[in-house]
1. So in region 45-72, with the set limited to residues that are touching an Asp or Glu at 6+ places or on another chain (Cβ under 7 Å) and within 12 Å of the ligand (Cβ to nearest atom), which one is farthest from residue 7 (Cα to Cα)?
2. Just to be sure, is residue 394 among the polar types (S, T, N, Q) and either in contact with a helix residue (DSSP H, G or I) (Cβ under 8 Å, 6 or more places away or on another chain) or within 13 Å of the ligand (Cβ to nearest atom) (or both)?
3. Which residue out of 153, 181 is surrounded by fewer than 22 Cβ atoms within 10 Å (Cβ to Cβ) and of a type outside the set (A, V, I, L, M)?
4. Just to verify a result, which residue in region 123-150, among those that are surrounded by fewer than 24 Cβ atoms within 10 Å (Cβ to Cβ) and of a type in the set (Val, Ile, Thr), is nearest to residue 182 (Cα to Cα)?
5. Report, ordered by the first and then the second residue, all pairs with beta carbons closer than 9 Å, sequence separation of six or more or different chains, a first member in region 180-200 that is on the phi < 0 side of the Ramachandran plot and assigned by TED's automatic domain parsing to the domain that holds residue 149, and a second member that is away from the ligand (no atom under 14 Å from the Cβ) and hydroxyl-bearing (Ser, Thr, Tyr).
6. Just the residues that are small (Gly, Ala, Ser), touching a strand residue (DSSP E or B) at 6+ places or on another chain (Cβ under 6 Å) and surrounded by fewer than 24 Cβ atoms within 10 Å (Cβ to Cβ), please, taken from region 229-248.
7. In region 141-155, which residues are within 6 Å of the ligand (Cβ to nearest atom), part of a loop (DSSP other than H, G, I, E, B) and in contact with a Gly (Cβ under 6 Å, 6 or more places away or on another chain)?
8. Report the residue count in region 118-137 for those that are touching a Gly at 6+ places or on another chain (Cβ under 8 Å) and either farther than 20 Å from residue 252 by Cα or of a type in the set (D, E, K, R) (or both).
Amino acid sequence: MPQAKTLETIARIIGAKNLLTHPSDTKPYLTEWRENYRGKALCIALPLSPKDISEIVKLAAKEKLHIVPQSGNTGLVGGQIPFDKNRAILVSLARMNKIRELNPTNNSITAEAGCILANLHHTAETANRLFPLTLASKGSSQLGGLLATNAGGHNVLRYGMARDLTLGLECVLANGKIWHGLRALRKDNRGYDLKNLFIGSEGTLGIITAAVLKLFPIPKGETTFLAGLQTPQQALDCFHWAQARSGGALSAFELIPRIGMDFVLKHIPETRDPIRNPSPCYLLGALDSEISAEDASEKAQAILSELMEKNLIKDAVLASSEARREALWKLRESMSEAQKREGASLKHDISVPLSKMARFLEEAEAAVKAFLPEARIVAFGHIGDGNLHINISQPVGMSADGFLALREKIGRILYDLVESFDGSISAEHGIGVLKRDELARRKSQTELEMMRQIKRALDPDNLFNPGKLL
Ligand SMILES: Cc1cc2nc3c(=O)[nH]c(=O)nc-3n(C[C@H](O)[C@H](O)[C@H](O)COP(=O)(O)OP(=O)(O)OC[C@H]3O[C@@H](n4cnc5c(N)ncnc54)[C@H](O)[C@@H]3O)c2cc1C
């Protein structure tokens with residue numbers, strides 16, 4: 001079928017105004033958040049229902065075209081960007097943003113894949129419930145992408161990753177069939193757990209169109225604290241102590257290095273240093289209480305006092321109001337934005353076992369500095385989960401292109417080290433195109449072959465997101 005005829009058929013399925021082909025309309029969908037990837041596609045399709053998607057999938061299969069699913073376009077590894085002008089249909093889930101059911105008795109919410117995360121939070125709150133998945137891109141990232149990347153964020157410590165929060169899925173498969181798996185069951189042992197194949201599959205196995213998610217009671221109280229530290233090892237010592245003392249109430253535990261704090265204070269309006277004396281690094285923690293805000297505060301205060309007595313921290317602040325809490329989180333959540341303003345950066349989302357984290361960080365910093373002494377290393381993030389973002393900012397005085405040309409060499413240095421520490425080269429952002437070759441190099445042949453077999457079984461003609469992940 002000639003391209004014009006294909007476009008006509010898609011327009012008939014979804015309505016002409018929901019089919020975008022003009023460069024000024026397609027640009028936002030084809031440009032990745034950090035502008036690291038600029039894509040090409042035959043068209044952008046904005047369907048409204050699983051049935052629309054099913055028809056597009058059947059057409060694409062018949063015409064030997066490709067489908068790249070996209071939700072909020074905040075992915076950091078290029079998975080949501082198509083690169084084939086003649087054969088790629090980008091299917092955006094953005095219009096499929098309905099909440100289908102909010103069920104406080106089941107503690108569940110059924111939502112379509114285009115729901116923005118912040119809207120899910122607000123809707124859950126209307127029933128006095130919490131949907132705990134949260135990350136800095138919550139105003140843009142959408143449910144489909146969050147599930148397809150098995151997103152993490154900073155509540156993983158207490159509630160787990162996207163996978164742990166999902167009860168059921170609805171997906172469009174490569175043969176165009178719609179899999180109706182929207183079950184709100186906590187227990188269901190009828191064979192293989194199919195939903196877990198699609199979660200984390202980065203759009204390579206099918207299109208997630210809706211999901212049933214777990215909700216939780218909103219904690220009666222919550223408090224956030226920031227403490228200055230001398231070393232990341234101290235952050236880990238504090239973490240173990242605080243976790244033991246809090247009885248599982250710790251919901252976040254993040255590391256912020258001084259250089260990251262400096263970038264934020266310099267570039268992000270309305271931020272200020274909450275602790276007068278600067279420290280080499282900081283921990284940002286959050287603690288929930290099922291009793292009251294005062295209880296959360298008292299528990300956090302007691303923990304911080306003990307940490308001071310143990311000489312693990314010198315200075316600390318506790319957020320006494322919602323505004324203070326937001327101000328503390330802004331320091332952490334603006335880290336990527338602030339770093340962007342310091343020039344080019346090379347980002348490495350890694351995890352290592354907690355027991356090896358401090359030594360890993362020391363060796364990683366030394367290895368990068370040995371290669372590029374002027375490198376500005378910003379190692380921050382979810383240290384309580386054993387997950388750090390080791391971002392390296394362009395050295396002052398070096399050109400962006402010259403620095404970015406070192407991507408592979410610096411990646412190799414860090415990923416070799418991660419491997420030697422039994423860690424992962426992707427803790428939460430996924431593989432996409434950015435780490436595809438690295439994955440092929442580093443995952444065992446047995447695991448890669450199992451992954452390829454799953455891909456062949458569910459998508460034999462490589463219709464979904466070719467060239468990504470595998
Ligand atoms: C400022 C910032 C902070 C971030 N912080 C975190 C963080 O703390 N933790 C974290 O885990 N991530 C983080 N991310 C990364 C990103 O927000 C997550 O990966 C998020 O899950 C992507 O959601 P999205 O809707 O934007 O998906 P997209 O970017 O649109 O897509 C991501 C991947 O999912 C696939 N996909 C999208 N929709 C579907 C669907 N319906 N069915 C099947 N496949 C689909 C795409 O093909 C692509 O491979 C951050 C990003 C930014 C910009």
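1. Residue satisfying both the conditions and the ranking: 50.
2. yes
3. None of the others qualify; the one that does is 181.
4. So the residue we want is 123.
5. 182/110; 184/108; 184/110
6. Residue satisfying the conditions is 246 alone.
7. Those that are within 6 Å of the ligand (Cβ to nearest atom), part of a loop (DSSP other than H, G, I, E, B) and in contact with a Gly (Cβ under 6 Å, 6 or more places away or on another chain): 141, 149.
8. 0
The values are calculated or read from the model by the stated rules, or taken from the named source; none is laboratory data. What you see is a predicted model; the values in this text were computed from it and never measured. Cβ coordinates were reconstructed from backbone atoms using ideal geometry, including for glycine residues, and neighbour counts include every protein chain displayed.
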